[in-house]
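Participant: My questions all concern the structure below.
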Amino acid sequence: MRKALPLLLIICLFLLFSCSSHDESDDDRLEIIAASFPSYDAARAVAGDLASVTMLMPPGGGEHSYEPSIEDVIRISESDLFIYNGGESDTWITYILSDLDDDTSLFPLLENAAFTLYEDEENIAQREDEHDGHEHPHDRVLDEHVWTSPANEIAIIQALCEEISSLDEDNRQIYESNAASYIKDIMEVQAAIGDIVKNSKRREIIVADRFPLLYFVTEFSLEYYAAYPGCSSGSEPSAKTVAFLIDKVREDEIPVVLHMELANTLLSEVIAEETGAAVMEFSSCHNVSKRVFDSGVTYVDLMRQNAAVLKEALN
């Protein structure tokens, strides 16, 4: 019952404003709304100047706690394409759009990735295709951070290119050229990371933070230890967990303790102080600060920075 009033307000405002908005616009470009930075970056790379691409979540915001405003819903409903993760954290998207019954095309990243991973309490990852033909326990959910694997990002760019081209066939060749150029850049940083891992002293990282890198470590066959079993855990790590990470850093002579972007660095600093390790930031490319966003940073830029950090952490 609590959701009924907001939904009615959304419907009323949508009916009131939607008809006039398109008529008043002189911009014939595709209107693409992206829920967060990964979807925004992918759309920007493929569409270039041929579409108006807007990121719904403000830079520096948290997607897991995001709630759309009425204005957001109207913008989504009036767009040609809406790109979002497709996991449990944003099920509000399909709920709202199905009730409004609009014609906006939907592009969930999870459904267009090359592979998906499940995460459970033991933090044991298995590829989805390894479970084909078998029932999955109800308490297991798909990890949503598919883009942290360059292989997945390439598959997403390819699928998104086809989706955008289908909405604007006249410019298909330009979209395909843009996608091919960006995929080339992704493949270059993918190869660079692969070489770093292959030629490093160790294949183990310590993340004193939440852990949205399951796809990344899976693609590059890295071992990891983290303070949290996943990304959305609301509890603080136990003293036992912290002590374990400190001992692990000491025993394995880990040179760098990692934390994620836009995160509190207190835990990583505590572990570093106890062990003498350095503290460095590793980006999940999930979100960026307003300053970084305004600079025009891309997924490839962030992954190149990650490559440099990884080289330090593995040697």
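The values are calculated or read from the model by the stated rules, or taken from the named source; none is laboratory data. This is a predicted model, so every value here is computed, not measured. Counting neighbours? That spans all protein chains shown, and the Cβs are built from the backbone with ideal geometry, glycine included. Surface accessibility is based on the protein's heavy atoms, side chains included, excluding ligands, DNA and RNA. Shrake-Rupley method; radii C 1.70, N 1.55, O 1.52, S 1.80 Å.
Participant: Evaluate the range 294-301: report whether one residue or more is open to solvent by 10 Å² or more (accessible area, probe 1.4 Å), aliphatic (A, V, I, L, M) and in contact (Cβ under 8 Å) with a residue 24 or more places away in the chain.
Facilitator: Looking through the range 294-301, none of the residues is open to solvent by 10 Å² or more (accessible area, probe 1.4 Å), aliphatic (A, V, I, L, M) and in contact (Cβ under 8 Å) with a residue 24 or more places away in the chain.
Yes or no, residue by residue, for (1) open to solvent by 30 Å² or more (accessible area, probe 1.4 Å); (2) at pLDDT below 90; (3) not β-branched (Val, Ile, Thr):
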{"residue": "38", "(1), (2), (3)": "no, no, yes"}
{"residue": "46", "(1), (2), (3)": "no, no, no"}
{"residue": "88", "(1), (2), (3)": "yes, yes, yes"}
{"residue": "91", "(1), (2), (3)": "yes, yes, no"}
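Participant: Still on this model: What number of residues within the range 251-282 are within 20 Å of residue 56 (Cα to Cα) and either free of Cβ contacts under 8 Å to residues at least 24 places away in the same chain or not acidic (Asp, Glu) (or both)?
Facilitator: 1
Participant: Out of the residues in the range 186-195 meeting the condition of being open to solvent by 30 Å² or more (accessible area, probe 1.4 Å) and of a type in the set (A, V, I, L, M, F, W, C), tell me which one is nearest to residue 48 (Cα to Cα).
Facilitator: Among them, the one singled out is 187.
Participant: Moving to a separate point now. Assuming residue 301 fulfils every condition listed in (1) among the acidic types (Asp, Glu); (2) at pLDDT below 95; (3) within 18 Å of the chain's Cα centre (by Cα) apart from one, which condition is it?
Facilitator: Going through the list (1) among the acidic types (Asp, Glu); (2) at pLDDT below 95; (3) within 18 Å of the chain's Cα centre (by Cα), residue 301 breaks only (2).
Participant: Continuing with the same structure: Within the range 139-154, which residues are small (Gly, Ala, Ser) and either open to solvent by less than 20 Å² (accessible area, probe 1.4 Å) or at pLDDT below 95 (or both)?
Facilitator: The one that is small (Gly, Ala, Ser) and either open to solvent by less than 20 Å² (accessible area, probe 1.4 Å) or at pLDDT below 95 (or both): 149.
Participant: Here is a further query. Listed residues 246, 206; which is β-branched (Val, Ile, Thr), surrounded by 15 or more Cβ atoms within 10 Å (Cβ to Cβ) and under 21 Å from the mean Cα position of the chain (by Cα)?
Facilitator: 206
Participant: Hey, another quick one. Which condition number does residue 214 fail, the rest of (1) under 27 Å from residue 38 (Cα atoms); (2) at pLDDT 95 or above being met?
Facilitator: (2)
Results for (1) in contact with a Pro (Cβ under 8 Å, 6 or more places away or on another chain); (2) open to solvent by 40 Å² or more (accessible area, probe 1.4 Å); (3) among the aliphatic types (A, V, I, L, M), shown as yes or no for each residue.
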| position | (1), (2), (3) |
| --- | --- |
| 240 | no, yes, no |
| 253 | no, yes, no |
| 257 | no, no, yes |
| 268 | no, no, no |
| 277 | yes, no, yes |
| 286 | yes, no, no |
| 313 | yes, no, yes |
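Participant: If I filter the range 99-112 down to residues being at pLDDT 70 or above and assigned to a helix (DSSP H, G or I), which single residue comes out as most open to solvent (accessible area, probe 1.4 Å)?
Facilitator: Result: 111.
Participant: If a residue has to be open to solvent by 40 Å² or more (accessible area, probe 1.4 Å), within 18 Å of residue 33 (Cβ to Cβ) and aliphatic (A, V, I, L, M) to count, how many in the range 155-185 make the cut?
Facilitator: 1
Participant: Let me ask you something else. Can you name every one of the helices (runs of 4 or more DSSP H) wholly within the range 201-315 that holds 3 or more residues which are within 30 Å of residue 155 (Cβ to Cβ)?
Facilitator: Result: 214-219, 290-294, 299-313.
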